[in-house]
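Since the structure comes first, as structure tokens, the remarks are kept for the end.
The values are calculated or read from the model by the stated rules, or taken from the named source; none is laboratory data. All values reported here derive from a predicted model rather than from experimental measurement. Quick reminder, even Gly has a Cβ in these numbers, built from the backbone with ideal geometry, and neighbours come from all protein chains shown. For the accessible areas, the whole protein counts, side chains as well, though only heavy atoms, and no ligand, DNA or RNA atoms are used. Shrake-Rupley method; radii C 1.70, N 1.55, O 1.52, S 1.80 Å.
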Amino acid sequence: MRRMSLARQLLLLQLVVVVVAVVVAGAIAVRAADDRTSEQQRERVLSLAEALAASGEVRAALRGDDPSRVLQPLAERVRRASDLGFVVFMTTDGVRYSHPNPDQIGGRFVGTIAPAREGRSFTETTTGTLGPSVRAVVPIRDGSRVAGLVSVGVLEEAISDQVSRQLPGLLASLAIAVLAGALLSLLVARRVRRQTRGLDPDELAALYDHHDAVLHAIREGVVVVGDDDRLLLA
């Protein structure tokens with residue numbers, strides 16, 4: 001059985017290199033897109049939480065006898081309008097005034113609140129009653145004291161969906177890269193095929209050995225001159 005020519009072996013090797021390179025680049029790109037989307041959502045929930053914490057309506061509700069009556073409708077309006085996973089107002093001890101599931105109102109917030117109780121806004125990724133989420137927790141100040149806390153979060157499921165919507169464009173770019181690499185590899189292989197006359201490496205080696213043996217067997221001198229009268233072999 002005839003072995004593959006040098007040109008075909010080179011073509012297959014180049015195609016393998018192109019495919020591996022594109023797959024690795026694609027994996028890196030998907031990871032980068034996921035990290036970028038998560039960071040964007042982290043900044044968004046922090047900004048929204050800080051805006052709610054600065055609201056006079058929220059501070060006034062915390063001074064009232066029944067904060068949930070005002071804060072639950074407000075939280076749900078903001079959540080739906082901003083496509084969020086949750087908006088939870090709570091006491092400084094973590095007792096909820098609002099929640100997407102009204103049955104959870106009055107229960108304890110699941111997550112870290114200590115930095116916010118001390119007056120510092122922060123973000124984290126953790127699992128709560130609705131599942132894994134990226135969330136911000138911000139103190140609600142009434143004068144110099146922390147009167148309550150607000151947490152705004154986006155579920156990781158929603159972040160994954162957002163990344164998935166970017167995949168068709170990314171996959172199209174990767175497919176173009178593979179096609180371009182395959183075309184260039186084919187052009188290189190065709191050039192090598194012309195230069196090697198379609199011979200495989202063993203045939204090229206045998207041909208060299210034969211020519212070398214013939215040249216060494218000749219007692220007289222041999223001079224090879226090219227078309228431009230330049231000396232090629234002596």
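Could you check, for the stretch 187-209, whether at least one of its residues is modelled with pLDDT under 70, among the acidic types (D, E) and surrounded by fewer than 11 Cβ atoms within 10 Å (Cβ to Cβ)? Yes, because at least one residue in the stretch 187-209 is modelled with pLDDT under 70, among the acidic types (D, E) and surrounded by fewer than 11 Cβ atoms within 10 Å (Cβ to Cβ).
Annotation: of all residues in the stretch 46-102 being among the acidic types (D, E) and in contact (Cβ under 8 Å) with a residue 24 or more places away in the chain, the one that is farthest from R135 (Cα to Cα) is E76.
Selection over the stretch 92-141 of residues that are part of a loop (DSSP other than H, G, I, E, B) and of a type in the set (S, T, Y) gives a count of 6.
Within the stretch 11-24, the residues that satisfy the criterion of being surrounded by 12 or more Cβ atoms within 10 Å (Cβ to Cβ) and either at pLDDT below 80 or of a type outside the set (G, A, S) (or both) are L11, L12, L13, Q14, L15, V17, V18, V19, V22, V23.
All conditions but one from (1) in contact with a strand residue (DSSP E or B) (Cβ under 9 Å, 6 or more places away or on another chain); (2) open to solvent by 50 Å² or more (accessible area, probe 1.4 Å) apply to L155; the one that does not is (2).
Among the candidates R36, R8, R3, the residue that is of a type outside the set (S, T, Y), at pLDDT 80 or above and open to solvent by 50 Å² or more (accessible area, probe 1.4 Å) is uniquely R36.
Among the residues making up the stretch 114-148, a single one is surrounded by 12 or more Cβ atoms within 10 Å (Cβ to Cβ), out of contact with any helix residue (DSSP H, G or I) (no Cβ under 8 Å at 6 or more places or on another chain) and of a type in the set (S, T, N, Q): T126.
Scanning the stretch 50-60 for residues that are hydrophobic (A, V, I, L, M, F, W, C) and either loosely packed, with under 12 Cβ neighbours inside 10 Å or over 13 Å from V150 (Cα atoms) (or both) yields one hit, A60. Restricting the stretch 70-94 to residues that are of a type outside the set (G, A, S) and loosely packed, with under 12 Cβ neighbours inside 10 Å leaves a set whose member that is modelled with the lowest pLDDT is D83.
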